[in-house]
1. Quote the FRET efficiency, to the nearest 0.05, computed for Thr30 versus Leu7 with a Förster distance R0 of 35 Å and r equal to the Cβ-Cβ distance.
2. Under 13 Å from the Cβ of Ser36, count the other residues' Cβ atoms, weight Lys and Arg +1, Asp and Glu -1, and hand me the total.
3. For a quick protection proxy, order the peptides 56-68, 10-22 by their average other-Cβ count within 10 Å, most packed first.
4. Leaving ligands, DNA and RNA out of it, work out the accessible area of Arg71 with a 1.4 Å probe and give it in Å² to the nearest 10.
5. Set the Förster distance to 30 Å, then compute FRET efficiency between Leu55 and Ala23 from the Cβ-Cβ distance, nearest 0.05.
6. Residue by residue through region 11-26, what is 3J(HN,Hα) from phi via Karplus (6.51 cos²θ - 1.76 cosθ + 1.60, θ = phi - 60°)? Round to whole Hz and write x for glycine and proline.
7. Nearest 500 deg cm²/dmol is fine: what mean residue ellipticity at 222 nm does the chain get from its DSSP H runs of n ≥ 4 alone, each adding -39,500 (n - 2.57), divided by its residue count?
8. Taking 0.36 nm per residue of sequence separation and subtracting the Cα-Cα distance, how much length would be gained by fully extending the chain between Leu45 and Ile64, in nm to one decimal?
Amino acid sequence: MAGLFNLTLVSFFGLYTIADERAVDRSEATGEFDPSQLLPRSVALWLVAHASIALLIVLDVVGIALFVRARRRRRTAA
């Protein structure tokens, strides 16, 4: 289940990054900057994308720490 969650968030971040880069390239393609070609609500999307990756990293670190702790307790109890 955690692997699916990781895959989903990494995919979201990757797709957002690709879409944002293409939108910026498209807005600069005419030689002038055209803000109408940018993603709508790009600041909010940027915040959500980066917050999701940060949350993913934190949750993975906590999950690994809990796994290691539980494994050590089993070894000492046995």
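1. So the FRET efficiency works out to roughly 0.40.
2. -2
3. Numbers: 56-68: 11.4, 10-22: 13.0.
Per-residue Cβ counts within 10 Å, averaged per peptide and sorted highest first, yield 10-22, 56-68.
4. 120 Å²
5. Working: r = 24 Å, r/R0 = 0.81.
The value I calculate is 0.80.
6. Calculated HN-Hα couplings, in order: 5, 4, 4, x, 5, 4, 4, 5, 5, 5, 4, 5, 5, 5, 4, 5 Hz.
7. -29500 deg cm²/dmol
8. 4.0 nm
The values are calculated or read from the model by the stated rules, or taken from the named source; none is laboratory data. Because the structure is a prediction, the values reported are computed rather than measured. All Cβ positions, glycine included, derive from the backbone under ideal geometry; neighbour counts span all protein chains shown. Note: areas computed on protein heavy atoms with side chains; ligands, DNA, RNA excluded. Shrake-Rupley method; radii C 1.70, N 1.55, O 1.52, S 1.80 Å.
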